[in-house]
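Worksheet: the structure to be examined is printed underneath.
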Amino acid sequence: MVRQHWAAILIRSVEVPPETDPMMKLIPFVALGLGLGACVPTTLPTYLAAPADPSVGTRSPGYASVTAGVRSYDVVEPGDWRELNRRVAPEGDPERGDSDDAARRGR
C-alpha cells in the first residue's frame, strides 16, 4: 500500500515541459494543414466534371495480328568474331589514324 502511494506521488509530480511535449510539437503541423485545406476550392473544375462529347469522332479499333513483326531467326554456324566486331564497330577517323588494320592482322 505504501509503495502504491509513492508511485502515485511520483507520477503526479512528473511534469513535461511545454517545449518537449510531443503534442505541443504537433500544433504547428495541424495549423498548417488546416490553413492549406482552407485554400482548396470546393467545386471541381469544369474540365474535370464535364461529360464526354459524343460528337467527337474517333477511329474504330483495327485488327492487329499477335505475331505481326515477328522475325525468324534460323540456326547458323558460328562466324568469325573479328569480322563481326568490325561490322558493328563505329567507323574510325582516318585523319586521326584510327584504322582497324591491326585488328585485321589479328594484333
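The values are calculated or read from the model by the stated rules, or taken from the named source; none is laboratory data. Here the structure is a predicted model, which means the values were calculated and not measured.
Annotations for the structure displayed:
- Subset tally (residues that are at pLDDT 85 or above and more than 28 Å from the chain's Cα centre (by Cα)) for region 33-47: 4
- Qualifying residue in region 71-84 (condition: hydrophobic (A, V, I, L, M, F, W, C) and at pLDDT below 75): no
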